[in-house]
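Engineer: The structure under discussion is supplied below as structure tokens; questions concerning it will follow.
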Amino acid sequence: MSTTVDVPESSNVAKGKAVLVAPPRPGGWKKGVAIMDFILRLGAIAASLGAAATMGTSDQTLPFFTQFFQFEASYDSFTTFQFFVITMALVGGYLVLSLPFSIVSIIRPHAIGPRLFLIILDTVFLTLATASGASAAAIVYLAHNGNQDSNWLAICNQFGDFCAQTSGAVVSSFVAVVIFVLLIVMSALALRRH
């Protein structure tokens, strides 16, 4: 005793037809690279402006015997740190202004002009960020360790908060440098013909 159920086919269903999937467009990965470029630019903005703000607000005062005689450590006491703040602020400003070009690269992933413009300026601002980060790192190293040959004393034993802020700013600037290197490599790959 078996029962069979006969279900008639609907006339709306086409027989033997498969759903077609569009083949991937050649060079579609360039849009993914452009989106990643935009996200990395946002990260570099945070790193560079964070470095400038952290260094620009680094200040510590130590009282010595009386209120009228004090030792102060501030970023504007060192011309290298002033250079660092100005340069990292310029790098952050450039990155903000480069966002529209990055958006154009997302919308038109095969456009060469915006990518070429960005790779050239990214290289220039990578140089500025590296120079300011390296010079500030040298001063921070001297603040932590001093130099016996030149008779420079380490000041981080007394100015711990100041040294912690300046060290954090230098690390943040090197994060921005690494992001710039990634941006340049990705733009170079996206400029390839194939």
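The values are calculated or read from the model by the stated rules, or taken from the named source; none is laboratory data. Source: prediction; values computed, not measured. Cβ atoms come from the backbone with ideal geometry, glycine included; neighbour counts cover every protein chain shown. Heavy atoms of the whole protein, side chains included, go into the accessibility calculation; ligands, DNA and RNA do not. Shrake-Rupley method; radii C 1.70, N 1.55, O 1.52, S 1.80 Å.
Engineer: Rank these residues by their accessible area, most exposed first, probe 1.4 Å: Thr127, Thr4. Before the final figure, lay out each step's value.
Structural biologist: Values: Thr127 85, Thr4 120 Å².
Ranking Thr127, Thr4 by accessible area, largest first, yields Thr4, Thr127.
Engineer: Now for a separate question. Using a Förster radius of 22 Å, what is the FRET efficiency between Thr80 and Thr123 based on their Cβ-Cβ separation? Nearest 0.05, please. Don't skip to the answer; put the middle values down first.
Structural biologist: Values: r = 23 Å, r/R0 = 1.05.
In this case the efficiency is close to 0.45.
Engineer: Taking square-rooted eigenvalues a ≥ b ≥ c of the alpha carbon gyration tensor, is segment 44-194 rounded, prolate or oblate, where a/c under 1.5 means rounded and, failing that, a/b exceeding b/c means prolate? The partial results should precede the final answer.
Structural biologist: Values: a/c = 3.99, a/b = 2.66, b/c = 1.50.
Taking the square roots of the gyration eigenvalues as a ≥ b ≥ c, segment 44-194 is prolate.
Engineer: Here's a follow-up. Which length gain, in nm to one decimal place, applies between Gln158 and Ile107 when the Cα-Cα distance is subtracted from 0.36 nm times their residue separation? Don't skip to the end; give the middle numbers.
Structural biologist: On the way: separation 51, 0.36 × 51 = 18.36 nm, distance 5.35 nm.
13.0 nm is the gain from fully extending Gln158 to Ile107.
Engineer: Turning to a different aspect of this structure: Provide the solvent-accessible area of Leu116, counting protein heavy atoms only and rolling a 1.4 Å probe, rounded to the nearest 10 Å².
Structural biologist: 80 Å²
Engineer: Here's a follow-up. Could you give the nm distance between label points at Val185 and Leu97, where each point is 7 Å from its Cα heading toward the beta carbon?
Structural biologist: Label-label distance for Val185 and Leu97, simple model: 2.8 nm.
Engineer: So what does Val85 come to for accessible area, using a 1.4 Å probe and Å² rounded to 10?
Structural biologist: Approximately 30 Å² for this residue.
Engineer: At a probe size of 1.4 Å, how large is the accessible area of His110, to the nearest 10 Å²?
Structural biologist: Probe radius 1.4 Å; accessible area of His110 about 100 Å².
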